[in-house]
Structures are given as C-alpha cells and as structure tokens.
Amino acid sequence: LPIPSFGWRVETDSGRIDRDFSGDLAKKWLDHAAFPWLNQILLGRPGNWCHIIYKRRSFKGLPSASILYLSDGESFLQGLATLQLHFLLRGMVSTHVERRMLPAVPRIAKIRTGFNTKQFKSDTLTSDDIDYLYSESVALDL
C-alpha cells in the first residue's frame, strides 16, 4: 500500500544528499556523518528542507527518537505527521524534541517538565540561540 506523505518527503540517502545539496546544510551533514550513534534525515519539499539530527533512545521501555537538532522549526511542524510515520515504520513510537526548538507546540503533544535548565554564559545570546549541533550531546555517545 502507498504510504501517505502529505506532500512532504523524508530523505535519508546520504549519497543523494552529498550530491544534491550544498552550502550550510551539506557542511552540517558532513560534519556529523562520522558519528555512528547519530541519525540524520531531511524533511521537506524541494527548496524547503529541514535538517534533523536525532538519536534512537528508549522512553518508558519503548524505542523513541530524540531530536538533537533541527534547522527549521516551522518546516518541522508542518511535516511532523510525515516524520512521525517515518519513525513509526522504523519502530520508534514517540518523538521527543525540546520545546525551545519549536515556534509552537504541536497539536498532539505532551509537555514534560522537571529537566535541568541548559547552562550558558553570554551577554548577547539567549537560550534560543543555543543548540546541540556542536556539543557533547552530539559528539559523545551518551
């Protein structure tokens, strides 16, 4: 049976991504390609892609996807149904993303609280400017 995509695609072929994408997206993709514990995908449509880096984790004993980085929160929300179906077909029953990475809360969501606040020191940056892309969360298999 055909799988509904809602007009969105999930691209996982690193060869195609190396060949068809350039600039900042390609650099970030290549920077993280050597880490076997990371998974990278592109979610979107031609000309409108969201680069996503995630780790497979376990939540309440069930496989889940823990989003560490996404390049475009708005595109992520628009294509979320397609992404969730992609993850479900690969055995991951839930998707976890920090609220600060998104411009709005998804329609179907559970907000979890009680986590440590991310620490940083800057006179010019805010917590929205800080992501995991070049952090120990990505560089180490934790």
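Taken together, the values in this text are just the output of simple stated rules run on the coordinates, not laboratory data. No experiment lies behind these values; they were computed from the predicted model shown. Ideal geometry is used to build each Cβ from the backbone, glycine not excepted, and the neighbour counts take in all protein chains shown.
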Legend entry - Kirkwood Rh in Å, taken over all unlike Cα pairs in the chain: 16.2
Legend entry - Protection proxy ranking of 24-37, 49-62 - average other beta-carbon atoms within 10 Å, highest first: 49-62, 24-37
Inset, instruction - Pick out which of Phe120, Phe21, Phe76 has the largest mean-square fluctuation in a Gaussian network model of the chain, springs linking Cα atoms closer than 10 Å. - result: Phe120
Inset, instruction - Treating only the Cβ atoms of Lys and Arg (+1) and Asp and Glu (-1) as charged, compute the dipole magnitude of region 7-142 about its Cα centre; round to the nearest 20 debye. - result: 640
Legend entry - Computed over region 1-108: relative contact order in percent, which uses C-alpha pairs under 8 Å that are six or more apart: 23
Inset, instruction - Would you mind putting 64-71, 105-112 in packing order, based on average other-beta-carbon counts within 10 Å, highest first? - result: 64-71, 105-112
Legend entry - For the chain, with +1 on Lys and Arg beta carbons and -1 on Asp and Glu, the positive-most of Ser122, His86, Thr12 along the dipole: His86
Inset, instruction - Give the total of Lys-Lys pairs in the chain with Cα-Cα distances below 27 Å; include a pair only if its members are 8 or more places apart or on different chains. - result: 12
Inset, instruction - Give me the number: length gained by fully extending Phe59 to Ser137, i.e. 0.36 nm times residue separation minus the C-alpha to C-alpha distance, one decimal in nm. - result: 26.4 nm
Inset, instruction - Please give the contour-minus-distance gain from Ser94 to Leu30: 0.36 nm per residue of separation, less the Cα-Cα distance, rounded to one decimal in nm. - result: 20.4 nm
Inset, instruction - First measure r as the distance between the Cβ atoms of Ala81 and Ser122, then evaluate 1/(1 + (r/R0)^6) with R0 = 41 Å and state the FRET efficiency to the nearest 0.05. - result: 0.70
